[in-house]
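Trainee: Okay, here's the structure, questions in a sec.
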Amino acid sequence: MRKILAFIAVCIPFTTVADEIQDRKQSSAAIIKEFAGALQNELKRAMAEGGPLQAIEVCNQLAPGIAAQHSKKTGWRIARTALKVRNTENAPDAWETTVLNDFEARKAKGEAVENLAHAEIVEQDGQRVFRFMKAIPTAEVCLKCHGAELAEPVKTKLDAYYPADQARGFNVGDIRGAFTISQPM
Ligand code: HEC
């Protein structure tokens, strides 16, 4: 009996932490779906209305705003990042760099990019923070602005907006980057 009680005492805290991580993973995945959907809608609309030139404008002006909107709604930090970024504001921190490198390694071992995600509770400035990342695959439509060969005048416009642009040379199926979420516990 004592053994069973000790077992329960040990297990209960773990189950609740596991449950909490599970809950936070689910809510993160849900908000990412919303955020990705909002970005995709704007991109699609702009591409249909004015082609890639107008869509660059939309990505430049609306993407940070849409991220901020979703961050404000939840009180979490919601953003996009990548090993090679276009906007240096999206550059990864040390933890994100490690996770992105790990995503590349998992992809190399055969995992589908759509399924690459990682959740962890980390200590930051003396505070516990739940962090979550989900990989973003490169699709055909992305190549117009992130591919190896950019058509004119797309190239000139991207050069003008992003002189330090690294987010080029991607192929379909590559990991373009990842959604990243931080939630203070
Ligand atoms: C019309 C051009 C265009 C298309 C098409 C496009 N992007 Fe981008 N992308 C941009 C621009 C411009 C930025 C920089 C936005 C900013 O300033 O925050 C960007 C930034 C990003 C970022 C944030 C990280 C970084 O590099 O700064 C990710 C991730 C991303 N794009 C993924 C994609 C994916 C996936 C697709 C295809 C579904 C795609 N993009 C299609 C122009 C485009």
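Trainee: Enumerate the lysines that residue 107 could reach by cross-link, defined here as Cα to Cα under 19 Å, with residues fewer than 8 away along the same chain left out.
Mentor: In chain and number order, the partners are 84, 134.
Trainee: Carbon and sulfur: what percent of region 2-184's accessible surface (1.4 Å probe)? Can you show the working numbers first?
Mentor: On the way: 6080 of 10720 Å².
Here carbon and sulfur together make up 57 percent of the probe-accessible area.
Trainee: Still on this structure, I have one more. Against the empirical 2.2 N^0.38 Å scaling, what ratio does the C-alpha Rg of the chain come to?
Mentor: Against the empirical 2.2 N^0.38 Å value, I get 1.21 for the chain.
Trainee: What is the antiparallel percent of DSSP beta bridges lying wholly in the chain, to the nearest 5?
Mentor: Rounded to the nearest five, the antiparallel share is 100 percent.
Trainee: Hydropathy at least 0.0 by Kyte-Doolittle, axial extent at least 18 angstrom from the Cα trace: which helices of the chain, defined as entire DSSP H runs, fit?
Mentor: On the way: long enough: 2-74 (72 Å, 0.04); 94-108 (21 Å, -0.57).
Length and hydropathy pass: 2-74.
Trainee: Counting only heavy atoms of protein chains, what accessible area per residue, in Å², does the chain have with a probe of 1.4 Å?
Mentor: 59
Trainee: Restricting to DSSP loop positions (anything but H, G, I, E, B) with no more than 12 other Cβ atoms inside 10 Å of their own Cβ, which GluC sites (Glu not before Pro) remain in region 62-163?
Mentor: 149
The values are calculated or read from the model by the stated rules, or taken from the named source; none is laboratory data. This is a predicted model, so every value here is computed, not measured. With ideal geometry, Cβ positions are generated from the backbone for all residues, glycine too; neighbour counts draw on all protein chains shown. Accessible surface areas use protein heavy atoms only, side chains included; no ligands, DNA or RNA. Shrake-Rupley method; radii C 1.70, N 1.55, O 1.52, S 1.80 Å.
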